[in-house]
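Trainee: Following this message is one structure expressed as structure tokens.
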Amino acid sequence: MEDPFGLEPNDLPLDALARIIEIDLLDALGERPLPAPLQPQDYVLR
């Protein structure tokens, strides 16, 4: 991966990874309601 931090379909889905971390942290703290995980758009998780 030459430039993994862009918005191309084969780049890392940083927004989705950050959302997963956010959900896990909020769950560990007992916060409710939890945000929904990001869903793929046109079969690509961004």
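Trainee: Thinking of the chain as a set of Cα atoms, what percent of all their pairs are more than 12 Å apart? Numbers along the way, then the final one.
Mentor: Values: 660 of 1035 pairs.
Of the Cα pairs, 64 percent sit more than 12 Å apart.
Trainee: Continuing with this model, one more query. How do 18-26, 33-41 rank on mean C-beta neighbours within 10 Å, highest first? Walk me through the numbers before you get to the answer.
Mentor: On the way: 18-26: 12.4, 33-41: 9.7.
The densest-packed peptide leads the list: 18-26, 33-41.
Trainee: Taking 0.36 nm per residue of sequence separation and subtracting the Cα-Cα distance, how much length would be gained by fully extending the chain between Leu45 and Ile20, in nm to one decimal?
Mentor: Values: separation 25, 0.36 × 25 = 9.00 nm, distance 1.24 nm.
In short, 7.8 nm is gained.
Trainee: Here's another thing I want to ask about it. Of the options Pro40, Leu29, Leu17, report the single residue whose Cα projects farthest towards the positive end of the charge dipole of the chain (beta-carbon charges: Lys, Arg +1; Asp, Glu -1).
Mentor: It is Leu29, whose Cα lies furthest towards the positive end.
Just so you know, all these numbers are worked out from the coordinates, no wet-lab data involved. These numbers were taken from a predicted model, which means no experiment stands behind them. Positions of Cβ are generated from backbone atoms using ideal geometry, with glycine treated the same way; all protein chains shown enter the neighbour counts.
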